[in-house]
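Just so it is clear, none of the values below were taken in a lab; they were calculated from the coordinates. Here the structure is a predicted model, which means the values were calculated and not measured. Positions of Cβ are backbone-derived with ideal geometry, glycine not excepted, and every protein chain shown enters the neighbour counts.
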Amino acid sequence: MSIDASGIRRMFELASKVEDPINLSIGQPDFPVPRPIKDAVIRAIEEDHNGYTVTKGDPRILERCEGHLVGNIGWRFDDGRLDLMMTSGTSGGLVLAALATLDEGDELIIPDPWFVLYPKLASLTGARCVTCDTYPDFRMTAERVAPLITDRTKAVLVASPGNPTGVVLSPSELAALAELCRERGVLLISDEIYDEFVFDEVLVDGLCPSPARFWDQVLLIRGLGKTYGCTGWRLGYAAGPRELIGQMAKLQQFTYVCTPSMAQHAFEAMGEVSIAAEVERYQHRRDRILSRLQPLAELPRPGGAFYAFIEVPPRLGMTGTQFAEAALEHGLLVVPGAVFSTRDTHFRISYAVADEVLDRGLEVLERMLGE
Ligand SMILES: Cc1ncc(COP(=O)(O)O)c(C=O)c1O
């Protein structure tokens, strides 16, 4: 298996030569872990919850996780069709899902642009990655996915909000995608790592739209790393068809073993914490980006997460990579779209940064895009 990281490596090599860059490349929240979450995890260490847990996670904590999903998605876990487990980050859940569902020659449909792990899920398993072109609006709709499904398709992977675009699909788009997968007998994997980072205009009854509300055989993969700014704790969870979760748990037993034991205890404090104020701050930053850059470049409105995926205006005659290299000369670090896509026409910025850093970055971008 070959994993090519040359594009990213080159960017970061160049960036390492720039002193104190304006860094809009970061993919994690810029706020500290909320106090009750820290306290729950510190308490867990002090109370000696430091050994292995059972593979799916501490049963008492899994119960809390289940309670959260019952309230959030409306799924029932009492009739034996569904199950859930904790995973080692959202990435851990995605890798286990791929190992459990894909064999050599199978096909996995992913969006283009994608989160960097997605194509590797196919490389890891010998499956073939089929990309769904979602340009220019970045909506992975049933209409775009349907023609890609063959008798070798095992799963469709969707992320809403997405990385690198922040685009959130509507409930009707997600319902249609779920219906398509149900009809064609294909697993729908919903990566909902940004479920708490969703802005006012796309919320439904205060919640992030999810295909799991329309079909209870979706494989739901979520995590708390972004939600509580603790990406290093490797805290994720997966819920879906019982048999599939059983397979994933078997694979976890021999690989990740369990989610870090003390991190699991973050679930105990979830009810005491709201990140609404942080998300509101992100929404203001998103609005600032739209008002300043939309007059200069194509930029579909992000409904969540903390990214914007911006087209390099064709009149500039530059690829995304060339634009990102030119931005570095102005001290600005952005990620070229080619890192996430078969195309090299865009670049990603992250606004999980202080307002003052974002403003400095926007000044550079306004100058560059306005040329
Ligand atoms: C869409 C998406 N899925 C999954 C992940 C991986 O998250 P984790 O750190 O929980 O493994 C990320 C991280 O950036 C992401 O953007």
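Details
- Based on Cα contacts under 8 Å between residues 6+ apart, the chain shows a relative contact order of 25 percent.
- Pairs of alpha carbons in the chain whose separation is greater than 32 Å (percent): 32
- Helix axis angle, 171-184 relative to the chain longest principal axis, alpha carbon, degrees: 60
- If a spin label sat at a point 7 angstrom from the Cα of residue 78 along the line to its beta carbon, the backbone N atoms of the stretch 199-233 nearer than 19 Å would be those of 216.
- Tail fraction, Cα-Cα pairs, the stretch 47-189, threshold 21 Å, whole percent: 51
- The stretch 228-289 and the stretch 153-212 have Cα centres spaced 17 Å apart.
- Cα→Cβ-extended label distance, 7 Å offset, between residue 247 and residue 330, nm: 4.9
- For the chain, a crude dipole built from +1 on the beta carbon of Lys and Arg and -1 on the beta carbon of Asp and Glu, taken about the Cα centre, is about 460 debye to the nearest 20.
- Extension gain, residue 294 back to residue 179 (0.36 nm per residue minus Cα-Cα distance, nm): 38.0 nm
- Considering only 324, 171, 11, and ranking their Cα positions along the charge dipole of the chain that arises from unit charges at the beta-carbon of Lys, Arg, Asp and Glu, the one farthest toward the positive end is 11.
- Each eigenvalue of the Cα gyration tensor of the stretch 237-371, multiplied by 5 and square-rooted, gives one semi-axis; in descending order these are 37, 21, 13 Å.
- 181, 65 arranged by Cβ crowding within 10 Å, fewest neighbours leading: 65, 181
- Summarising the label geometry, the points placed 7 Å from Cα in the beta-carbon direction at residue 172 and residue 272 lie 4.4 nm from one another.
- Fewest-first sequence of 42, 189 by Cβ atoms within 10 Å of each Cβ: 42, 189
- Between helix 59-73 and the chain: long-axis angle, C-alpha atoms, 0 to 90°, nearest 10: 60
- Rounded to the nearest 10 degrees, the inclination of helix 355-369 to the longest alpha-carbon principal axis of the chain is 50 degrees.
- In a simple Cβ point-charge model (Lys, Arg +1; Asp, Glu -1; nothing else charged), the stretch 117-201 has a dipole of about 640 debye relative to its Cα centre.
- Positive contributions from Lys and Arg (+1) and negative ones from Asp and Glu (-1), summed over other residues with Cβ under 15 Å from the Cβ of residue 359, come out at +1.
- Charge dipole magnitude, Cβ of K and R +1, D and E -1 - the stretch 51-272, Cα centre, debye nearest 20: 580
- Listed by chain and number, the lysines placed with their C-alpha closer than 24 angstrom to that of residue 38 are 56, 226; residues fewer than eight positions away on the same chain are left out.
- Alpha carbon centroid spacing (whole Å) that separates the stretch 37-60 from the stretch 291-316: 42
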